[in-house]
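Remarks on the structure that follows.
The values are calculated or read from the model by the stated rules, or taken from the named source; none is laboratory data. Everything quoted here is computed from the prediction, not taken from an experiment. Glycine also receives a Cβ, built like all others from the backbone with ideal geometry; neighbour counts cover every protein chain displayed. Protein only, heavy atoms only, side chains kept; ligands, DNA and RNA dropped before computing areas. Shrake-Rupley method; radii C 1.70, N 1.55, O 1.52, S 1.80 Å.
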Amino acid sequence: MPGSKIPDWFSQGVVTFSERKNCVLKSVIIGVVVSLNQQIPDEIREELPAIVDIQAKILVVDRPTFISALNLQGVPNTNEDQFHLCQYPIGHPLVSQLKEGYKIQVTRRDPPWMTGVELKKWAIRFVYEGDDEYEGDEESLNESQQSLSEKLAKFFDSFEEGD
C-alpha cells in the first residue's frame, strides 16, 4: 500500500532473536518501505508482478545461513513509497531456523535483478505465543497491552486517516 511508515512497535535495523521463557515463537513479521524509480527502464519489472530484490537473511556470527526473498506482490506504476508487510509462519525456515542469538537482517539483493528498486526502511516483529490472544474490548487498553491484531488494525486505520 502507498506509504512510508512502519509501526513503531516493530524493531528497526538488524534484530537479534531472543527466546522467551515458556513462550513459543509463532511467526516473524517483516515490514518494508520500498520505492521504484519509474524513470529507470527495467524489463524484469515489466514482466514480473513482484519486487524480487528485497531479502531477509538469518545471520550467525554475521554470516548468512539462510536467505529468503520477501514476497512483495504488486509492482505499482508510481515513484511513491510503498509499504509491504510479510508474515512468515512457524513452518517457514525464516522462523524454524532461528536460535538464541541469531540475527535477522533485511537487504537489497547485490547485485540486483531489478533496477530502480530502493529499500528505504525495514523493521521486524517477532510474534510469540499469547501475543494475539486477548478477548474483549481493547479500546481502553494502552498500546503495550493490546493484541497484535488490534495494533495492526490501528496502524492500518492510520493510513486511511492520511497520517
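Some notes on this structure:
- Trypsin sites (Lys or Arg not before Pro) restricted to DSSP loop in region 21-103 with at most 13 other C-beta within 10 Å: LYS21, LYS99
- Rolling a 1.4 angstrom probe over region 1-116 with all protein chains present gives an accessible area of which 50% lies on carbon and sulfur atoms.
- With all protein chains modelled, accessible area of THR115 [1.4 Å, Å²]: 60 Å²
- Normalised per residue, the accessible area of region 1-64 is 54 Å², obtained with a 1.4 Å probe and no contribution from ligands, DNA or RNA.
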